[in-house]
1. Please identify the chymotrypsin sites (Phe, Trp or Tyr not before Pro) of the range A:99-202 that satisfy two criteria: DSSP loop assignment and at most 13 other Cβ atoms within 10 Å. Which are they?
2. Do you know the relative contact order of chain A, to the nearest whole percent, from alpha carbon pairs under 8 angstrom that are 6+ apart?
3. Can you find, among B:123, B:91, B:174, the residue sitting farthest towards the positive end of the charge dipole of the range B:12-178, where Lys and Arg contribute +1 and Asp and Glu -1 at Cβ?
4. Which loop trypsin sites (Lys or Arg not before Pro) in the range A:76-181, with loop taken from DSSP, have no more than 16 other Cβ atoms within 10 angstrom of their Cβ?
5. Considering only the range A:3-195, what is the antiparallel percent among its DSSP beta bridges, to the nearest 5?
6. One quarter of the convex hull surface, Cα atoms only: what value does that give for the range B:86-164 in nm²?
7. Taking K and R as +1 and D and E as -1, what net charge do the other residues with C-beta under 14 Å from the C-beta of residue B:166 add up to?
8. With the radius of gyration and the Kirkwood radius both derived from the Cα set of chain B, what is their ratio Rg to Rh?
Amino acid sequence: MSQANLLERPNLLERRSVVNQLLAQRKDAVVVGGLGASTYDIAAAGDHDRNFYLWGAMGGAVMIGLGVALAQPKLPVVVITGDGEMLMGMGSLATVGLQKPGNLTIIVLDNEVYGETGGQASHTAGTADLVGIARACGIADVRAISTMAEVEAFASSMQDISSGPRFASIKIDSANLERVLASRDGGFIVTRIRGALGFGPI
Amino acid sequence: MHARTDAPSETAAEATPSWPEDIFVILQRFEVRQVPYVPDAGHSQLIERVLGTPSMRAVPLTTEEEGVALLAGAWAGGQRGVLLMQSSGVGNCVNMLSLTQIFHFPFLTLVTMRGEWGEFNPWQVPMGSSTAGVFELSGIKVLRASHPEEVREVVEAAAGQAYNACTPTAVLLSQRLIGAKVFTK
């Protein structure tokens, strides 16, 4: 499907509203943002010392989230990434399916394009079904979300650290929004998260 | 059909080498908690030990780069880890190894070598030949152990500099140490 067609599709959700809703009651959650617009969306919802912004490592967002989730099983860990980033790390869904961390939530903001690079169509615009892939990898709680009411319900389920892992694909419109630039300093980002969790520098 | 033997000779001691246990003891002492791996015959004894240890979480991967990202997340969450893989997996990690320089986290990987020391399979040779170079270009310090009696001190030094000084480090466990894989019809 072309970008023009996508923009014309009615009822697609707006990414910043979705992420604002997801994070409005985040409480103690650690939030990992994948390379690209999802990191800007998380920053736009408000900087936070438990935000794990990625500016590279494409395909690594889910695994970074898994590492945090296994280390901190009593904290909700939420990965918010895009369809292109998720497609590059598809195997990590199989790894999560095997580990079954109850506290891990994976959310794909699916606009069916590579928005950062000119809007080229991604595989989800054609044949790839990320919800089906996540289910087939052994993640039991998988959802295709298309309304803000579903987003709201899903946001509260993220706080349940015993019923994950869970996966949601949220179809969003492909409008390119103004970038909200999070910190790009990896040392700062990780040290800040560790500090918030009670860990000092070496 | 192929079979592994612990070449060159099959005495009982060589069939169950003690160096994997030396590595396990060091990992325990450094409180390593997450152990992502892509299986390799040379790591099989260590993987079995980790799988049987409740304080350690073995995490089988679909590709090695997952392990680099996992260890970055583990460190953010307050845990240490080690990535176990074979030399052919190092090439799969290249872009993800950027994380070691971006986050300055204590990255340690133990790599069993193929493509050297009597290798039968030519397909293992290109990546095995560039393994050390790929790590060095990626800013990872490389140490090597080629004999059973030196594994302990090499892995101890590697763990020390990785976990105490956040110096990303790879230990190459030579094919000479592990034994060349024997292929028979």
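None of the figures in this text is laboratory data; all of them are computed from the coordinates on show. All values reported here derive from a predicted model rather than from experimental measurement. Every residue, glycine as well, gets a Cβ built from its backbone with ideal geometry; the counts of neighbours run over all protein chains shown.
1. On the way: sites: A:114, A:154, A:167, A:188, A:199; in loops: A:199.
For chymotrypsin sites (Phe, Trp or Tyr not before Pro) across the range A:99-202 that sit outside H, G, I, E and B with at most 13 neighbouring Cβ atoms in 10 Å, the list is empty.
2. Working: 389 pairs, mean separation 55.7, N = 202.
Normalised by residue count, the contact order of chain A is 28 percent.
3. Selected residue: B:91.
4. A:179
5. Of those bridges, close to 5 percent are antiparallel.
6. Numbers: hull surface 21.6 nm².
For the Cα atoms of the range B:86-164, the hull's average projected area reads 5.4 nm².
7. Values: positive: A:194, B:80, B:141; negative: none.
With Lys, Arg at +1 and Asp, Glu at -1, the neighbours total +3.
8. Answer for chain B: 0.95.
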